[in-house]
Amino acid sequence: MAEHAGADALGVVVCSDSPRNVSLERAEEIFREVGPFITKVCVSHTESPDEFRSILEIHPSAVQVSYPHPVPEGRGRHMLRVIGPGAPLPDDCSAVVIDASRGSGRPYDPVFARAAVLRSPVPVILAGGLNPGNVGAAVENIRPYAVDAASGLEKSPGIKDPGLVRQFIRNARGNGNARS
């Protein structure tokens, strides 16, 4: 559904206590179903080295983590590091995800987010409290490389609303250079 709505990337939550969590096997099935031009992202807050290795074994395009796991080796593997206000900007990753909410819908800190976009040595992805109603202004004001949403696109915990997904992508693309 997200791919057909025009998303550039698809994030699947794994190894987590989130209501969005799916098994690694299910994540692999989902990734097999999407086309070759969509970025397949495993999203996890796991601190377990074993779980992190298991995530890498399903060969996502990128892994989004908040724990400082080592950057995976191998062509086509990207590390997205999640940070919140006050955290230093990492440079050992492909992109930084500004998101202190961890899928809870808590809004991002606009001052921190804008400063991160201006200072980061790598692209900045904005997340945290984004929804179809506020993503356009966020893109216009913060100017992130991309935007990411979870709870702001749900009809119930863990279940996306196709209409909200389509509107989010339209609003994100209609107001700047962000990818969704």
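The values are calculated or read from the model by the stated rules, or taken from the named source; none is laboratory data. Just so it is clear, the structure is predicted and the values come from calculations on it, not from any experiment. Counting neighbours? That spans all protein chains shown, and the Cβs are built from the backbone with ideal geometry, glycine included.
What is the number of the single condition among (1) surrounded by fewer than 17 Cβ atoms within 10 Å (Cβ to Cβ); (2) farther than 22 Å from GLU154 by Cβ; (3) modelled with pLDDT of 90 or more; (4) among the aliphatic types (A, V, I, L, M) that VAL71 does not meet?
(3)
Yes/no per residue for (1) of a type outside the set (A, V, I, L, M); (2) under 25 Å from ASN171 (Cα atoms); (3) in contact with a Lys or Arg (Cβ under 8 Å, 6 or more places away or on another chain); (4) modelled with pLDDT under 95:
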{"site": "HIS4", "(1), (2), (3), (4)": "yes, yes, no, yes"}
{"site": "ARG20", "(1), (2), (3), (4)": "yes, yes, no, yes"}
{"site": "PHE31", "(1), (2), (3), (4)": "yes, no, yes, no"}
{"site": "GLU47", "(1), (2), (3), (4)": "yes, no, no, yes"}
{"site": "GLU57", "(1), (2), (3), (4)": "yes, no, no, yes"}
{"site": "TYR67", "(1), (2), (3), (4)": "yes, no, no, yes"}
{"site": "ARG75", "(1), (2), (3), (4)": "yes, no, no, yes"}
{"site": "HIS78", "(1), (2), (3), (4)": "yes, no, no, yes"}
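Please determine, by comparing only the residues of segment 128-157 that are in contact with a Ser or Thr (Cβ under 8 Å, 6 or more places away or on another chain) and at positive phi, which one is surrounded by the fewest Cβ atoms within 10 Å (Cβ to Cβ).
GLY129
Look at segment 1-10 and say how many of its residues are under 17 Å from PRO132 (Cβ atoms) and either part of a strand (DSSP E or B) or acidic (Asp, Glu) (or both).
Looking only at that region, the number is 1.
When you go through SER48, SER44, SER18, SER66 one by one, which is the residue that is closer than 21 Å to VAL82 by Cα and in contact with a helix residue (DSSP H, G or I) (Cβ under 8 Å, 6 or more places away or on another chain)? Break it down stepwise before answering.
On the way: SER48 fails: in contact with a helix residue (DSSP H, G or I) (Cβ under 8 Å, 6 or more places away or on another chain); SER18 fails: in contact with a helix residue (DSSP H, G or I) (Cβ under 8 Å, 6 or more places away or on another chain); SER66 fails: in contact with a helix residue (DSSP H, G or I) (Cβ under 8 Å, 6 or more places away or on another chain).
From the options SER48, SER44, SER18, SER66, the qualifying one is SER44.
Regarding ARG53, is this residue out of contact with any Lys or Arg (no Cβ under 6 Å at 6 or more places or on another chain) and either surrounded by 15 or more Cβ atoms within 10 Å (Cβ to Cβ) or at pLDDT 90 or above (or both)?
Details: out of contact with any Lys or Arg (no Cβ under 6 Å at 6 or more places or on another chain): yes; either surrounded by 15 or more Cβ atoms within 10 Å (Cβ to Cβ) or at pLDDT 90 or above (or both): yes.
Taking the combined requirement at face value, the residue satisfies it.
Might you let me know whether segment 161-178 holds any residue that is surrounded by fewer than 18 Cβ atoms within 10 Å (Cβ to Cβ), at negative phi and within 15 Å of the chain's Cα centre (by Cα)?
Scanning segment 161-178 turns up no residue that is surrounded by fewer than 18 Cβ atoms within 10 Å (Cβ to Cβ), at negative phi and within 15 Å of the chain's Cα centre (by Cα).
Scan segment 95-124 residue by residue and report those that are surrounded by fewer than 17 Cβ atoms within 10 Å (Cβ to Cβ), at pLDDT 90 or above and farther than 15 Å from ILE142 by Cα.
The answer is PRO121, and nothing else.
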